[in-house]
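First the structure, in the form of structure tokens, and then the observations on it.
The values are calculated or read from the model by the stated rules, or taken from the named source; none is laboratory data. Just so it is clear, the model here is predicted, and its values are computed rather than measured. Neighbour counts are summed over all protein chains in view; Cβ atoms, including those assigned to glycine, are modelled from backbone coordinates with ideal geometry. Side chains are part of the model used for accessible areas, which takes the heavy atoms of the whole protein and leaves out ligands, DNA and RNA. Shrake-Rupley method; radii C 1.70, N 1.55, O 1.52, S 1.80 Å.
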Amino acid sequence: MSRKAVPAEAFEHGDPKRYRRGCRCRLCVRATTAEVRMRHYLRSTGRGTLRTTDRAAAHIDRLRAAGMQDIHISEAAKTASSVIYRIARGQARIHYAVEARILAVRVPQEPVGRNGSHVDACGTRRRLRALAAEGWPAAELARRLGRKKQYVIYLQAGRGDGTVRRWVADDVHGLYGRLSGLKPEREGVRPSLARAGRDRAASKGWLGVGYWDIDEIDDPAFVPATGGEERSRNELAAHRREEITHLAAYSIPEHEIAERLGMAPAYVHDLIRDMRSAA
């Protein structure tokens, strides 16, 4: 899957990455010169520019334990989430500058957005199962949550006392909102893994995103209709398209439509685009 090039404007002046993307201001030239000198110095002293992932991985563990998600760690360290994931797993070696940026991320003194109270696990379990039914593997969901794969499987299976920490429920709720309507194969998941995930979910009777409304997925008493009944997946999708069409006709912004209907903004955007092109 191809990725768009990151423009120079994404980095501040004084960042060598901005220089390598064409900026020749004094700050960027100075920073790049310093980087080159440091690289030559390290090589001349026999240390090189690559490091093992031990120190960085240990620091990532401390940040995760304090409540930071991988996406927030990557933003603070100015590196990709996939790099954080590989480092945490001890894969390969990393550049000394990457290690320095990760080690510079401060561990929060107070847990980040972590409420110790417990809530019913029903909605969390249903959301993770629905994403699995759409083809999202447990390993990928765990990576995006900054958790272990076995923990996601544990939640999907409904083990425990029927409750989860509120911050766990909030993290899963946010992930569900970001992934609903997205096709895993277009987001880096291998097609074979996505198919296997859908087959596994189907064998367990797990229902996909299309069966759940935002106000019902957290209600333990709600049982979605399946098969040929009126709330079948196709009919529900058609109903949601009608809702989107109705709201878009009043020039309501796409992000507001997504928020009202509890859908991913990307899903709403694609539907509106397809409907307009077909008109």
Selected residue (only one of Arg159, Arg129, Arg147, Arg165 is at pLDDT 85 or above, of a type in the set (Lys, Arg) and either open to solvent by 50 Å² or more (accessible area, probe 1.4 Å) or more than 23 Å from Tyr85 (Cβ to Cβ) (or both)): Arg129
Is there any pair with a first residue in the range 92-109 that is farther than 14 Å from Thr53 by Cβ and a second that is assigned to a helix (DSSP H, G or I) and among the hydrophobic types (A, V, I, L, M, F, W, C) whose Cβ atoms are under 7 Å apart and which are 6 or more apart or on different chains, and what are they? Val105/Leu63; Val105/Ile73; Val105/Ala76; Val105/Ala77; Val107/Leu63
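Among the residues of the range 211-225, write down those that are open to solvent by 60 Å² or more (accessible area, probe 1.4 Å) and modelled with pLDDT under 75.
Ile214, Asp215
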How many of the residues making up the range 188-203 are without any contact (Cβ under 8 Å) to a residue 60 or more places away in the chain and exposed (fewer than 15 other Cβ atoms within 10 Å of the Cβ)? 6
Gly22 fails exactly one of (1) surrounded by 12 or more Cβ atoms within 10 Å (Cβ to Cβ); (2) at pLDDT 85 or above, namely (1)
Taking interchain pairs and intrachain pairs at least six residues apart, which have beta carbon atoms under 8 angstrom, with the first residue in the range 26-40 and of a type in the set (Ser, Thr, Tyr) and the second surrounded by 12 or more Cβ atoms within 10 Å (Cβ to Cβ)? Thr32/Pro16; Thr32/Tyr19; Thr32/Arg20
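Which residues, taken from the range 56-83, are among the hydroxyl-bearing types (Ser, Thr, Tyr) and at pLDDT 80 or above?
Pass one, the range 56-83, residues among the hydroxyl-bearing types (Ser, Thr, Tyr): 74, 79, 81-82.
If the condition is that a residue be among the hydroxyl-bearing types (Ser, Thr, Tyr) and at pLDDT 80 or above, then Ser74, Thr79 are the ones that fit.
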Evaluation of Ser203 against (1) polar (S, T, N, Q); (2) over 16 Å from the mean Cα position of the chain (by Cα); (3) within 19 Å of Ala142 (Cβ to Cβ) (one fails), failing number: (3)
Got a number for residues in the range 33-57 being open to solvent by less than 70 Å² (accessible area, probe 1.4 Å), part of a helix (DSSP H, G or I) and over 26 Å from Arg106 (Cβ atoms)? 3
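Only one residue in Arg165, Arg178, Arg198 is over 18 Å from the mean Cα position of the chain (by Cα) and farther than 11 Å from Thr124 by Cα. Which one?
Details: Arg165 fails: farther than 11 Å from Thr124 by Cα; Arg178 fails: over 18 Å from the mean Cα position of the chain (by Cα).
After ruling out the rest, the residue left standing is Arg198.
Condition check: within 17 Å of Ala97 (Cβ to Cβ) and open to solvent by 80 Å² or more (accessible area, probe 1.4 Å). Does Arg30 satisfy that? Write out each step before concluding.
Details: within 17 Å of Ala97 (Cβ to Cβ): yes; open to solvent by 80 Å² or more (accessible area, probe 1.4 Å): yes.
Criteria met by Arg30.
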